Amino acid sequence: MDKNLIKAVIAYSAKPPTIFYPIPLLPILIVGFADGSLLDIAIVILFTSLFYSALNLWNHVNDYKEDFEAGKNTPFIYDNVRKATTAYVFLAYALSLVIFFTLSSTPLGKILFTIVLLLTFLYSDNMITKLRLKKHYATELLTYIVCVPSFILSLHDLVKPINDKAVLLSLSFSPFVISTVFIKDLKDISEDRRAGWKTLGVVFEAENLIKTFFCLNILFYITFAAFSQKFIKISPIFPIAFSLIPAYYFVKSSKENWAISFELARRVQMTVYAGFFFTIIYAVLFYFE
């Protein structure tokens, strides 16, 4: 395979970037909250990278026709690239399952990760079952709502058994991660409509999706404030202060009647960046408190 194609596949394995992978902020925090060691951090990051790269590539491989028709420069239009990538995906999924069942602490953790693996596979699958859960907003939302907290709990289970701290942590971060599903399809509305999909962007007004996005981000910081107050010494005022960012954007956009514009897109982008920045700061404060 051409070197440029290999580089393109590697780049696609990290699209879209998240706080799980390739920026492993949340795995690092999870290990910290689980009182893990440096070895645990390395194991969890490597495991997350293996699983998430497979998850992302499986989505891109199955989307290659739609991406090509939309004019995207996808390497998966080449048959040999698709075959090699698909082989990697199946190998990575199998290795992830073996690693998790070897290292996890509880049966509950094993069940949760198995559910995550199956749902993320079916989310994109257009080759075997052809269910492709991402085609309809109901199954798309269900996948995110189930998989995000389940995966956070699974990573905790790699270090220590799931406890009340792990549950509240998963509930705290889930709104931030899930909020992205309400904005990710906005740029692909015409593409999804041509394919006959009923994604969030096709079925619902863009302004309602952006409203939900801001509200979930506000909920993220408020829930995390409750987590901070219960389990760690860092002041809950810190996340409450960050909640003012999406709250301010919500109010300002409301006064403008949610006019779809470059400025509104910038506010959405800044809210996502604020979540990343908040997680970075929190990780630093946590490890040095």
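Brief remarks follow.
- 1 or more residues more than 20 Å from the chain's Cα centre (by Cα) and at pLDDT 90 or above: qualifying helices (runs of 4 or more DSSP H) within region 176-289: 200-203, 206-231, 237-255, 262-288
- For region 193-235, the set of residues classified as free of Cβ contacts under 8 Å to residues at least 24 places away in the same chain, closer than 30 Å to residue 34 by Cα and open to solvent by less than 40 Å² (accessible area, probe 1.4 Å) consists of 225, 228, listed by residue number.
- Within region 43-67, the set of residues being open to solvent by less than 10 Å² (accessible area, probe 1.4 Å), within 24 Å of residue 192 (Cβ to Cβ) and aromatic (Phe, Trp, Tyr) comprises 58 only.
- Leading residue by the ranking (nearest to the chain's Cα centre (by Cα)) among those in region 1-42 that are of a type in the set (Gly, Ala, Ser) and assigned to a helix (DSSP H, G or I): 11
- Residue pairs meeting the criteria (Cβ under 7 Å; at least 6 apart or on separate chains; first under 14 Å from residue 283 (Cα atoms), in region 16-41; second open to solvent by 40 Å² or more (accessible area, probe 1.4 Å) and among the hydroxyl-bearing types (Ser, Thr, Tyr)): 32/287
- Some residue of region 78-86 being open to solvent by 60 Å² or more (accessible area, probe 1.4 Å) and closer than 30 Å to residue 175 by Cβ: no
- The single condition among (1) touching a residue at least 12 places away in the same chain (Cβ under 8 Å); (2) open to solvent by 20 Å² or more (accessible area, probe 1.4 Å) that residue 179 does not meet is (2).
- Only one of the listed residues (48, 114, 120) is in contact with a Pro (Cβ under 6 Å, 6 or more places away or on another chain), in a helix (DSSP H, G or I) and within 19 Å of residue 144 (Cα to Cα). That residue is 48.
- Test: residue in region 68-77 that is assigned to a helix (DSSP H, G or I), crowded, with 16+ Cβ neighbours inside 10 Å, among the polar types (S, T, N, Q) and out of contact with any Cys (no Cβ under 9 Å at 6 or more places or on another chain): no
- Condition check for residue 190 on (1) surrounded by fewer than 17 Cβ atoms within 10 Å (Cβ to Cβ); (2) within 20 Å of residue 123 (Cβ to Cβ); (3) among the small types (Gly, Ala, Ser): one failure, at (2).
- Within region 9-42, the set of residues being open to solvent by less than 10 Å² (accessible area, probe 1.4 Å) and on the phi > 0 side of the Ramachandran plot is empty.
- Residue that is farthest from residue 179 (Cα to Cα), among those in region 107-135 that are in contact with a Phe, Trp or Tyr (Cβ under 7 Å, 6 or more places away or on another chain) and not hydroxyl-bearing (Ser, Thr, Tyr): 110
- The set of residues in region 68-87 being within 18 Å of residue 195 (Cβ to Cβ), under 24 Å from the mean Cα position of the chain (by Cα) and at pLDDT 90 or above consists of 74, 76.
- Count - residues of region 133-173 that are in contact (Cβ under 8 Å) with a residue 40 or more places away in the chain and open to solvent by 10 Å² or more (accessible area, probe 1.4 Å): 14
The values are calculated or read from the model by the stated rules, or taken from the named source; none is laboratory data. Just so it is clear, the model here is predicted, and its values are computed rather than measured. Positions of Cβ are generated from backbone atoms using ideal geometry, with glycine treated the same way; all protein chains shown enter the neighbour counts. Accessible surface areas use protein heavy atoms only, side chains included; no ligands, DNA or RNA. Shrake-Rupley method; radii C 1.70, N 1.55, O 1.52, S 1.80 Å.
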